[in-house]
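Colleague: Encoded as structure tokens, here's the structure I'll be asking about.
The values are calculated or read from the model by the stated rules, or taken from the named source; none is laboratory data. Bear in mind the structure is a predicted one, so any value in this text is a computation, not a measurement. Please note: Cβ atoms are built from the backbone with ideal geometry, for glycine as well, and neighbour counts cover all protein chains shown. The accessibility values were calculated without ligands, DNA or RNA, using every heavy atom of the protein model including side chains. Shrake-Rupley method; radii C 1.70, N 1.55, O 1.52, S 1.80 Å.
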Amino acid sequence: MIEIKDLKKSFGDKVVINSVSAVMETGKANLIIGASGSGKTVLMKCLVGLFEPDSGEILYSGHSFTGMEEEERKELRQQIGMLFQGSALFDSQTVEQNVMFPLDMFTRLSYAEKLKKVNEVLDRVNLKDANKKFPAEISGGMKKRVGIARAIVLNPKYLFCDEPNSGLDPQTSLVIDKLIYEVTREFNMTTVINTHDMNSVMEIGDHIVYMHQGEKEWEGNNKQIIYSKSKKLNDFIFASEFLQDVKEMRMREAEGKAPNGKNGSH
Amino acid sequence: MNFFNHFGRYILMIKGMFTKPENWRMYWKELMHQCSDIGIGSLGIVVVVALFIGAVSTLQTAYQLVSNLIPKSTIAQIVRDTVILEFAPTITCIVLAGVVGSKIASELGNMRVSEQIDALEIMGINTKAYLIMPKILASFIMIPLLVIIAGVLGIWGGRLAGTMAGILSPEEFDGGLLSGFLPFNVTFALYKAYTFAFIISSIPAYFGYFVQGGALEIGKASTTAVVASCIMILFADYVLAALLL
């Protein structure tokens, strides 16, 4: 579990995160959503320690991350995996070497044991026969899967995903969402996903935090989001007529009044 | 950002490199990789530059020494001292500032922009220690070796050009080479090599590590790194000569 308490972060005069508090729950996909510039990336970077917050507290399973010494943070970071927007794979290393890197750095396993573990996680993310390929030789979706494999190879307790669907086609996005959701449940991780992909919100949003201009505007889950009265959230989530139709349809479905032909009811 | 901001951040970067490695074996592997990149990767250009600089020095020295009162072996003495004192360390290192410096700046810049450095940080790796320290250590190991190779090849190139052009015989050149030789000149060249090695590796590492933006900024950082390194090499060259000679 990750607790965020009254977090604030500014760059010069510009307040980017303003008194945000939330609890990211274990075994769930916790989504931070919001428009570009709403502060969600800065919030995530504060959570993983790439930015230092101006005030407030971040607690990992009750331990204050903000108050930790660098050495303590280093130890905690070995329990954190992160999938970056651009995958952040090491260009000069093969898929296998990329995934093996955390094992090389932080374990004393033999090469055979490390290779076994690498093959297990690559298998888990449905990536076979790509071990010897370089990042430049694989597709965007495959890169994301390698990124997930690298992030989970040390069995982390916390998984962070920064816009995991950016640059992917809708079908591959669904595959990546499903994969993240499955590994979250399987390894009982606290997963924090930064996204503005509406499919992700509706499909895997166990817990959703909506950010607007640096503040937490709304919090709930993918069932509750349909009934939200927040105008800002509705304007953001159901921005197009198509999405408004989807919302109305979902509401009717929930009330047992699905339109004819959709589920066979008359 | 003004000069003092850059200087302060540069000093903090250097200070930040001194932590206990997370895994000695991985750091050793990275050091060996950098030694190969910096040393073997630059050997070709160093050989070519050294040979031609030595050859041109012999021809131009002979061109200027027109008096019959000066023995021809003096040409070898002049070539030897200019190659050891200046050409081998300074010219080689200015060339290396271009070759190695731009590579270091662009490699780190690309890693920064594509979030590879952030990925390492989140794993709990001190990126200054893991990415910059091996480059500086590898430069300390390989650049003095390259300077020694450049010195030897420069003098040999001078001997070759002198004899091929009929300016002086090999015996005259060898005689001049051994007369009035000061071993301190070699020590001085190595002082320069170590100083320049630090400049060539740390300044481009600074510009690459802190790059912000995209491909355009990586290119700019690489150019700035090479220019700043060359200026610092020339400045350090003067300071060392003023202090030690």
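Colleague: Between helix B:3-16 and chain B, what is the angle of the helix's C-alpha long axis to the longest principal axis, kept within 0 to 90° and rounded to the nearest 10?
Modeller: It is inclined by approximately 80 degrees.
Colleague: Can you tell me what share of the DSSP beta bridges in the protein assembly as shown is antiparallel? A percent to the nearest 5 is fine. Don't jump to the answer; show the numbers that get you there.
Modeller: Values: 19 of 38 bridges.
Of those bridges, close to 50 percent are antiparallel.
Colleague: Separate question: Given a 10 angstrom Cα cut-off, can you work out which residue in A:234, A:221, A:194 is the most mobile in a GNM of chain A?
Modeller: Checking each option, the largest mean-square fluctuation is seen for A:234.
Colleague: Between residue A:92 and residue A:35, what's the calculated FRET efficiency when r is the beta-carbon distance and R0 is 51 Å? Round to 0.05. Intermediate values should be presented prior to the final figure.
Modeller: Numbers: r = 36 Å, r/R0 = 0.71.
It comes out at approximately 0.90.
Colleague: Quick one: which residues, 5 or more positions from residue A:208 or on another chain, have an amide H under 5 Å from its amide H? H modelled 1.01 Å from N in the peptide plane, none for Pro or chain starts.
Modeller: Residues meeting the criterion, in which the H sits 1.01 Å from N, are A:31, A:220, A:221.
Colleague: Cα centroids of the range B:2-71 and the range A:1-32: how far apart, whole angstrom?
Modeller: 47 Å
Colleague: Compute the acute angle (0 to 90°) between the alpha-carbon long axis of helix B:183-209 and the principal axis of greatest extent of the alpha-carbon atoms of chain B; round to the nearest 10°.
Modeller: Its long axis makes an angle of about 30 degrees.
Colleague: Spin-label point model (7 Å from Cα, Cβ direction): what's the residue B:185 to residue B:5 distance in nm?
Modeller: Between residue B:185 and residue B:5, the simple spin-label model gives 4.7 nm.
Colleague: Using a Gaussian network for chain A with springs between C-alpha atoms less than 10 Å apart, which of these wobbles most: A:202, A:82, A:249?
Modeller: Residue with maximal mean-square fluctuation among A:202, A:82, A:249: A:249.
Colleague: If you don't mind, another one. Averaged per residue, what accessible surface does the protein assembly as shown expose to a 1.4 Å probe, in Å²? Show your work: numbers first, answer last.
Modeller: Details: 24010 Å² over 511 residues.
Ligands and nucleic acids excluded, the figure is 47 Å² per residue.
Colleague: Also, quick follow-up: So, in nm, how far is label residue A:203 from label residue A:133 when the simple model puts each one 7 Å beyond its Cα toward the Cβ?
Modeller: 2.0 nm
Colleague: Also, quick follow-up: Using a Förster distance of 41 angstrom, determine the FRET efficiency expected from the C-beta separation of residue A:178 and residue B:210, and round it to 0.05.
Modeller: Details: r = 38 Å, r/R0 = 0.94.
Calculated transfer efficiency: 0.60.
Colleague: Still on this structure, I have one more. If you only keep lysine pairs separated by 8 or more in sequence, or across chains, how many in the range A:108-201 come under 17 Å at the Cα atoms?
Modeller: Lysine pair count for the range A:108-201: 14.
Colleague: So what is the 222 nm mean residue ellipticity for chain A from helices alone, if each DSSP H run of at least 4 adds -39500 (n - 2.57) and you divide by all residues, rounding to the nearest 500 deg cm²/dmol? It would help to have the intermediate numbers written out before the result.
Modeller: Details: 9 runs with 101 residues, N = 266.
After summing the helix terms and dividing by the residues of chain A, the value is -11500 deg cm²/dmol.
Colleague: Here's something else I'd like to know. What's the carbon and sulfur percent of the protein assembly as shown's accessible surface, probe 1.4 angstrom, rounded to a whole number?
Modeller: Numbers: 14390 of 24010 Å².
Percent of accessible area from carbon and sulfur atoms in the protein assembly as shown: 60.
Colleague: Could you run the Karplus curve 6.51 cos²θ - 1.76 cosθ + 1.60 with θ = phi - 60° over the range A:40-45 and give me ³J(HN,Hα) per residue in whole Hz, x for Gly and Pro?
Modeller: So the J values, rounded to whole Hz, are 6, 5, 5, 4, 5, 5.
Colleague: Express in Å², to the nearest 10, the accessible area of residue A:169 obtained by rolling a 1.4 Å probe over the protein heavy atoms while all chains stay in place.
Modeller: 80 Å²
Colleague: Set Lys and Arg Cβ to +1 and Asp and Glu Cβ to -1, take the dipole of the protein assembly as shown about its Cα centre, and tell me which of A:152, B:143, B:168 lies farthest positive.
Modeller: Value: A:152.
Colleague: Does the range B:1-63 come out rounded, prolate or oblate by the C-alpha gyration tensor, with a ≥ b ≥ c the root eigenvalues, rounded set by a/c under 1.5 and, if not, prolate when a/b is larger than b/c and oblate if not? Don't skip to the answer; put the middle values down first.
Modeller: On the way: a/c = 4.93, a/b = 1.66, b/c = 2.98.
Verdict is oblate for the range B:1-63.
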